[in-house]
Structure formats: C-alpha cells, structure tokens
Amino acid sequence: MESSSSITQSFSIQWMRSSSIFRATFLKIRRKKVLLRTGITLAPWEFKTRDIRVGEYVGGQGVVDICKCLIKIDGKDKSAALIAIKGQTQKSWDMLKTEGHQCRLLRTLSHPCVIKFYGICVVTPPCRFLLEFVPGKL
C-alpha cells in the first residue's frame, strides 16, 4: 500500500512567455501528473489578508483575540470585529469548530437584531472570523 505522500505530490515549473513568468503546479495523482487549467478562487465570504486592517485590541481569553478592524468590501471600508483563533492545541481546534459552526449559521441569517457575518480569512494563520462590530458592553 502506498503512503499518502506518494499518492499526491506536487511539482512546480516556470516558463517565460512575453516577458512574464508563469507558474504551473502539477499534481501527481496515482502516478499521473495533472495540471489545473483554472485556479481555485476564494468564495465570496473569504477575505485576503491585505483586505483587513487590524485596529485596537478589544479583548480575548486563551486562544481567542478580539480586535476592531476595517475590511474592504466592494472597494469601501467597513468597521468590523475580528476574532482571531491562534495556536494548534486541542482547545484552539475545538474553538475553531465552534466558531465555524456559528458563522455558518450566521451566514444564512439576515435580520437587524442579528450580528452580520462578513466572512473569514484563512489564507495565513491565525484563522480570522469577521463579524459586524457592535460598540458597548455585554
């Protein structure tokens, strides 16, 4: 039986074309090289790291940090709350599952009394959840 690392391996090549460098990534699946023709894009609710500007620290406990931030949506800056889950402990994985489940539910809800879910940023660690910022104390 082959190990999982030998089943799927990736190979990168570079070539020159009209003074631009293009990069193709080949995946090796069951001893065959496969080239993706189209890249996999982000979902509408996924943000790139460069679209988020982190502001002041609001609070947090353990593996969770909460900050104010500005996010770029359709070219406009919006104020949001950023929930960052850091680390790779069992507690952080459990918190990540819980927040992911809550945000999956919030993504489908739209009501003035419910906090709006903007999206997530998982391009670079830590995992960040972006929600509507509501000022005040609980």
- Message: Being under 15 Å from the mean Cα position of the chain (by Cα) and assigned to a loop (DSSP other than H, G, I, E, B): is that true of P135 here?
- Response: no
- Message: Based on this model, can you work out whether A43 counts as aliphatic (A, V, I, L, M) and out of contact with any strand residue (DSSP E or B) (no Cβ under 6 Å at 6 or more places or on another chain)?
- Response: yes
- Item | Identity of the residue in the stretch 29-53, surrounded by 10 or more Cβ atoms within 10 Å (Cβ to Cβ) and more than 15 Å from the chain's Cα centre (by Cα), that ends up nearest to P135 (Cα to Cα) | L36
- Message: Of the conditions (1) surrounded by 16 or more Cβ atoms within 10 Å (Cβ to Cβ); (2) at pLDDT below 90, L82 satisfies every one except a single condition; which number is it?
- Response: (2)
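Conditions (1) touching a Phe, Trp or Tyr at 6+ places or on another chain (Cβ under 9 Å); (2) surrounded by fewer than 15 Cβ atoms within 10 Å (Cβ to Cβ); (3) at negative phi, marked per residue:
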{"residue": "E56", "(1), (2), (3)": "no, yes, yes"}
{"residue": "Q61", "(1), (2), (3)": "no, yes, yes"}
{"residue": "V64", "(1), (2), (3)": "no, no, yes"}
{"residue": "D77", "(1), (2), (3)": "no, yes, yes"}
{"residue": "T89", "(1), (2), (3)": "no, yes, yes"}
{"residue": "L106", "(1), (2), (3)": "yes, no, yes"}
{"residue": "I120", "(1), (2), (3)": "yes, no, yes"}
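The values are calculated or read from the model by the stated rules, or taken from the named source; none is laboratory data. The structure displayed is predicted, hence computed values, not measured ones. Note that each Cβ is placed from the backbone with ideal geometry, even for glycine, and that neighbours are counted across all protein chains shown.
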